[in-house]
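Written out below as structure tokens is the structure these notes cover.
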Amino acid sequence: MLRAGPVLLLADMLAAALAWPLAVWLVDEAIPAHAQPGLLPLLAYPAAFILFLYALGLYRREAMIEPRHAIGRIPLAAGLGAATGFVSAAVLPEPFGAPGAAALFGAAVLAFTASAIVARGAFYFALKRGAFRRRLLVIGAGKRAWDMVWLLRNEGRSIGLDLAFVHDPRMGEIDQRLAAENAGRIFDAAEGFLAIARRFRAEQIVVAPDERRGMPMTELLSCRTAGFPVREYHRFLEAEIGRIDLKRLDIGSLLYADGFTYSAIDLALKRLLDIVASALMLFVTAPFLGVAALAVKLEDGGPVLYRQERVTRGGRIFRIMKLRTMTTDAERGGAVWAAKKDPRITRIGRFLRRTRLDELPQLVNVLRGDMSFVGPRPERPEFTCELARELPLYNERHLVRAGLTGWAQVNYPYGASLDDARSKLSYDLYYVKNFSVLFDVLIILQTLRVVLWPGGVR
């Protein structure tokens, strides 16, 4: 079954591949013969454009099902992609750069904006006609099955789902909310799992009963050997929503699942990425950091940097560095979580938090090895002890170094409560369980969307 995200990505690549040569041909006469760009400088433009489409969240669920989330970001992605191509063409030596390629900036903005709009027009046309729908057969029709349906509707990566359910009294009672919505799609298990799967033309079977004792495992094996993929509830849901659902946590499912292990090569590559990414970002943002530091000093004459104890890998405590955003006596009464419209935040501090400029000194912590570029955000020791008592598996987030950005940060808005901490932990555990260097790179790209649209930042 084709998934919507990869299909849209391929549509964007195809549309750009058709539009870009035409745009280059139209402006070719404006480029002197001696400055004609080669293949590599020309490829830099569409490659950067596709990366910025991803970085700005245009392959996320909300952008794919609601055009209003995408239409305003397309010109920005085209502009950023064109600017990246322009700079690389002007700065890099041949064969990666060419002075003539810089003249393509305007053509690139127009061509890529048009290509992305056309690609999404075709995508939405197919979507409205039922493309990308998946047919799932759920074993169970109780509370767990209803919870899964609710989560898939609100957080699932699949855009459209056709669901049917198999009920057996031994698996528990039918959830009335599910029955009210799916009265004609709850099959009696007496008919046989395989026969039901064939009649429904299921593409995948998800095992989600409230009670597993007495479930006919041989029938599930028959389904699998007949070509129907069979997935366990927790593993299926984790892949669909991109987090580990703590409210329905099953330690056994984590115990026997893959993940939570890292090879020496993985850790070495991650450290190399940390050093390269943080050094490059520190070099690029140094002027902004200098101006921000001066603004903090001029506002009230207090110290520019704020150092605070935080917890990183293995429970080790280190001192994090940030630009000061609160008054100098902000914690005279002890450590407290930030509140909405916190009066302790200064005027400059509010701007720095909204733009994330206050986080830039943490790049030094990354270079020192206290933090990683990507990982769970470091929490204060006072809060860590409290949260570990309240939340299961909280200390497992310390299997990796704390990060400047992370999977929770690109998926969940800023929060300062126990419920917020629980939600963020569900994303942190998913990251710790499924860590890879490629995953880190994708998170770094998506951080741009959070910086430009900092919803929920306090």
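Across the chain, where is the longest run that never hits GluC sites (Glu not before Pro) in a DSSP loop with at most 14 other C-beta atoms within 10 Å? Answer from the scan: 1-172. Which distance in Å, rounded to a whole number, links the C-alpha centroids of region 347-396 and region 260-280? Answer, in whole Å: 19. Each label point was placed 7 Å from the Cα along the Cα-to-Cβ direction; for Leu442 and Gln204 their separation is 1.4 nm.
Shown here for region 195-268: chymotrypsin sites (Phe, Trp or Tyr not before Pro) in loop regions (DSSP other than H, G, I, E, B) with at most 16 other Cβ atoms within 10 Å, namely Tyr256, Phe260, Tyr262. Derived scalar couplings between HN and Hα for region 285-291 equal 9, 3, x, 5, 5, x, 5 Hz in order, rounded to whole Hz, by the Karplus curve 6.51 cos²θ - 1.76 cosθ + 1.60 (θ = phi - 60°), x for Gly and Pro.
So which of Lys270/Lys433; Lys297/Lys322; Lys143/Lys247; Lys128/Lys247 end up more than 22 Å apart by C-alpha? List each step's numbers first, then the result.
Numbers: Lys270/Lys433 15 Å; Lys297/Lys322 14 Å; Lys143/Lys247 13 Å; Lys128/Lys247 34 Å.
Distance filter (> 22 Å) returns Lys128/Lys247.
With one equal scatterer per alpha carbon and no solvent term, the Debye-computed log10 I(q)/I(0) for region 350-458 at 0.11, 0.15, 0.20 1/Å reads -0.33, -0.63, -1.16.
Projected over every direction and averaged, the convex hull enclosing the alpha-carbon atoms of the chain yields 26.1 nm².
Applying the criteria of a DSSP loop state and at most 16 other Cβ atoms within 10 Å to the chymotrypsin sites (Phe, Trp or Tyr not before Pro) of region 71-126 yields Phe96. Toward the positive end of the charge dipole of the chain, with +1 on the Cβ of Lys and Arg and -1 on the Cβ of Asp and Glu, the farthest Cα among Val441, Ala114, Tyr431 is that of Tyr431.
Sequentially through region 218-232, phi angles give Karplus couplings (6.51, -1.76, 1.60; θ = phi - 60°) of 5, 5, 5, 5, 4, 4, 5, 5, 7, x, 9, x, 10, 10, 6 Hz, Gly and Pro residues having no value and appearing as x.
Distance from the C-alpha centroid of region 23-56 to that of region 1-18: 20 Å, rounded to the whole angstrom.
Note that region 184-190 has calculated 3J(HN,Hα) couplings of x, 10, 10, 8, 7, 4, 4 Hz, one per residue in order, obtained from phi through the Karplus relation 6.51 cos²θ - 1.76 cosθ + 1.60 (θ = phi - 60°); glycine and proline are x.
Just so you know, all these numbers are worked out from the coordinates, no wet-lab data involved. Predicted model, so just to flag it, every value in this text is computed and none were measured. Counting neighbours? That spans all protein chains shown, and the Cβs are built from the backbone with ideal geometry, glycine included.
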